[in-house]
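Following: one structure in C-alpha cells, then a few remarks.
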Amino acid sequence: MALLLVMFVVLAPELSLRLEADYLTGTGEQRRVELEDGSVVHIGAKSAIRTDMGPSQRGVRLLAGEAFFEVAPDPERPFIVEAQGLKATVVGTSFDVRLSPQALSLAVKSGTVRVDLPPSADAPERSMHAGERVSIDRRSGAVVDTQVPVDQIAIWRSGYLFVQDMRVEDAIGELARYQQGWTIITDERLKDARATGLYDIHSPDRALHALLLPFDAEVRQLTPLLRVVSLRAPEDEE
C-alpha cells in the first residue's frame, strides 16, 4: 500500500497533465507544432500546452515547462498565451514563455507583446519589446525586469541553456528537464547562490558540473537516477 501511495503521488500530476494537454514532451525532448493559422509553437523539454483556436481569437495555455511562439500576423484575431495568471497578447511576433515551480518568465525576441502579470505580482499591464524579459518569483510575487541579448532568447532550441543571474537551485531545476532522475541540493547557501552562463544541454551531466564549478561544489551520483549536490568540505588545516 505504501508503494502504491508513493507511485500515486509521483504519477498523478503527470497523468493529469497528459489528460489536459494537447501537446507535450518528455525529458530532453523538443517538439515543433504548427497551428491552423500558420503560427508555430516550439515546445521545450518536459513541457505541455493546450490550444484554443477560435473565430475571434487564438489561444495557447502553457501548462508546464517552456515554449517559444512564432505568431502569424492576424489583426482580426489576437493571439493570447496564458501561463499561471500571466497573459500575453500579440498580433504577430515571437517570444518565449517559461513556467517552473519557482518562477514565471517571458522574453520577447521580436515585435511587441502586451503583458498582464499575475495578480500576485501586483504590477500594471505593460508593453514589452525585443530584448526585454520579465520574471516573476512565484513564491514572493517579486517582479524583475532585465535586458537579454535577442540571440540568447530560446537558445534551448539549438541545444543550449542560458541562465542570467538565476538562483542555482532554479538553474538546476531547468537542467532537470534534460536529465533523467533527480538532483538534490543539501546546502541552503548553494541553493541561493546566483548563476549566469551558457550550458550545452546535449550533455546535461557536464552542464551540471560546469554550472557548479564557480561555487566549489561537487556532485555525487548515488544511483543512476539520484544525484546529490553539496559544497565541498574545507580541507583540514595542518
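The values are calculated or read from the model by the stated rules, or taken from the named source; none is laboratory data. Remember, it's a predicted structure, so these values are computed and weren't measured experimentally. Neighbour counts are summed over all protein chains in view; Cβ atoms, including those assigned to glycine, are modelled from backbone coordinates with ideal geometry.
A few remarks follow.
- Pairs with Cβ under 8 Å, 6+ apart, first in segment 78-105 and touching a residue at least 12 places away in the same chain (Cβ under 8 Å) and outside the structural domain of HIS129 (by TED's automatic domain parsing), second outside any strand (DSSP E or B) and aromatic (Phe, Trp, Tyr): none
- Qualifying residue in segment 22-42 (condition: crowded, with 17+ Cβ neighbours inside 10 Å, within 23 Å of ASP137 (Cα to Cα) and touching a Phe, Trp or Tyr at 6+ places or on another chain (Cβ under 8 Å)): no
- Within segment 81-93, if we keep just the residues that are farther than 18 Å from SER47 by Cβ and hydrophobic (A, V, I, L, M, F, W, C), the residue that is modelled with the highest pLDDT turns out to be VAL90.
- Identity of the residue in segment 94-117, in a loop (DSSP other than H, G, I, E, B) and at pLDDT below 95, that ends up nearest to the chain's Cα centre (by Cα): SER100
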